[in-house]
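Engineer: Take this structure first; my questions come after.
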Amino acid sequence: MTDPKGPRDDRWYLPLMSPNTKGPKFAWLDPTSIYINAAAFEDLLDDLIADLKGVDFDVVGGCDAMGFVLGAGIAARTGRGFLPVRKAGKLCVDTDRVSFTNYSGRTQDMEMRLPAFAPGTRVLLADQWIQTGGTMEAAIALVERQNGVVAGLVSIAMETCPATQGFLARFPVVTAVVPGSHWQRDCDAQVLASFGTYDPALTFPTAGRTTPLMA
């Protein structure tokens, strides 16, 4: 699917992400407005899957909660199964648990069903956004403690910090925000240039539709 607003190479859908309007207790932006626009979500998945070429994986693990959306989309598109990596206390089966510090500095626990897969299973881990790396590090630990292999990491963006630089040294990492791009510089500064012209109406499901809905 091609968007009428611009070339795919420019990752045209990234300006659909909205700024935080609720203050410092919340993440600094919201990428979920990409998901509700069919053309944007389709092209996001196209780009990520294209960049995953050469990364072999058996299952996609999605981090609670918004990593479920991205991970399930990639799993469905690539014909793989989906494994939720959940916040503690949600699963009604035996689990393994790992503590981590999230982007706000709070300590949380992540869980994965036990057992989740056979030893040697290659797991692609997905999260919507990797900021300080705590959530992803917990997911990595849960996979490796069950003798799984972390095949790679995928997200819309990954900010630059010592933890995320460590991920790049250890795993294939694919992000819609291409490292070295102006988008990456904006993400690292936690202020997107597109915030200045952000218009929620452009994210609506009907935005950019060129054919009428079926009756």
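Engineer: Just one of (1) free of Cβ contacts under 8 Å to residues at least 40 places away in the same chain; (2) under 22 Å from A50 (Cβ atoms); (3) of a type outside the set (D, E) trips up Q128, so point out which.
Structural biologist: Among (1) free of Cβ contacts under 8 Å to residues at least 40 places away in the same chain; (2) under 22 Å from A50 (Cβ atoms); (3) of a type outside the set (D, E), Q128 violates only (1).
Engineer: Quick one: which of L142, L168, L114, L91 is crowded, with 21+ Cβ neighbours inside 10 Å and either hydrophobic (A, V, I, L, M, F, W, C) or free of Cβ contacts under 8 Å to residues at least 12 places away in the same chain (or both)?
Structural biologist: Result of the check over L142, L168, L114, L91: L142.
Engineer: Here's something else I'd like to know. Inside segment 180-194, can you point out the residues that are in contact with an Asp or Glu (Cβ under 9 Å, 6 or more places away or on another chain) and in a helix (DSSP H, G or I)?
Structural biologist: Scanning segment 180-194 gives Q184, C187, D188, A193, S194.
Engineer: Where the second residue is in a helix (DSSP H, G or I) and the first is without any contact (Cβ under 8 Å) to a residue 24 or more places away in the chain and lies in segment 190-203, which pairs have Cβ atoms under 7 Å and are six or more apart or on separate chains?
Structural biologist: Pairs found: A193/D186.
Engineer: Please find, among T160, T135, the residue that is in a helix (DSSP H, G or I), within 22 Å of G67 (Cβ to Cβ) and either modelled with pLDDT of 95 or more or not aliphatic (A, V, I, L, M) (or both).
Structural biologist: Of the residues listed, the single one that is in a helix (DSSP H, G or I), within 22 Å of G67 (Cβ to Cβ) and either modelled with pLDDT of 95 or more or not aliphatic (A, V, I, L, M) (or both) is T135.
Engineer: Right, another one. Which one of the conditions (1) touching a residue at least 40 places away in the same chain (Cβ under 8 Å); (2) in a strand (DSSP E or B); (3) over 16 Å from the mean Cα position of the chain (by Cα) does S104 fail to meet, given that it meets all the rest?
Structural biologist: If we test S104 against (1) touching a residue at least 40 places away in the same chain (Cβ under 8 Å); (2) in a strand (DSSP E or B); (3) over 16 Å from the mean Cα position of the chain (by Cα), just (2) comes out false.
Engineer: Within the group V177, V150, which residue is modelled with pLDDT of 95 or more, in contact with a helix residue (DSSP H, G or I) (Cβ under 8 Å, 6 or more places away or on another chain) and in a strand (DSSP E or B)?
Structural biologist: That would be V150, the only listed residue that is modelled with pLDDT of 95 or more, in contact with a helix residue (DSSP H, G or I) (Cβ under 8 Å, 6 or more places away or on another chain) and in a strand (DSSP E or B).
Engineer: With respect to L52, determine if the residue is farther than 25 Å from I140 by Cβ and modelled with pLDDT of 95 or more.
Structural biologist: No.
Residues are listed down the side, and each one gets a yes or a no for (1) loosely packed, with under 14 Cβ neighbours inside 10 Å; (2) more than 20 Å from S181 (Cβ to Cβ); (3) in contact with a helix residue (DSSP H, G or I) (Cβ under 8 Å, 6 or more places away or on another chain); (4) at pLDDT below 95:
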residue	(1), (2), (3), (4)
D3	no, no, yes, yes
A39	no, yes, no, yes
G73	no, yes, yes, no
F82	no, yes, yes, no
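Engineer: Within segment 145-163, which residues are buried (at least 19 other Cβ atoms within 10 Å of the Cβ), within 23 Å of A50 (Cβ to Cβ) and either of a type outside the set (D, E) or in contact with a Leu (Cβ under 9 Å, 6 or more places away or on another chain) (or both)?
Structural biologist: V150, A151, G152, L153, V154, S155, I156, A157, M158
Engineer: Just checking, which of V98, V69, V85 is out of contact with any strand residue (DSSP E or B) (no Cβ under 6 Å at 6 or more places or on another chain), touching a residue at least 12 places away in the same chain (Cβ under 8 Å) and not in a loop (DSSP other than H, G, I, E, B)?
Structural biologist: Step by step, each of V98, V69, V85 is checked, and only V69 is out of contact with any strand residue (DSSP E or B) (no Cβ under 6 Å at 6 or more places or on another chain), touching a residue at least 12 places away in the same chain (Cβ under 8 Å) and not in a loop (DSSP other than H, G, I, E, B).
The values are calculated or read from the model by the stated rules, or taken from the named source; none is laboratory data. Source: prediction; values computed, not measured. Counting neighbours? That spans all protein chains shown, and the Cβs are built from the backbone with ideal geometry, glycine included.
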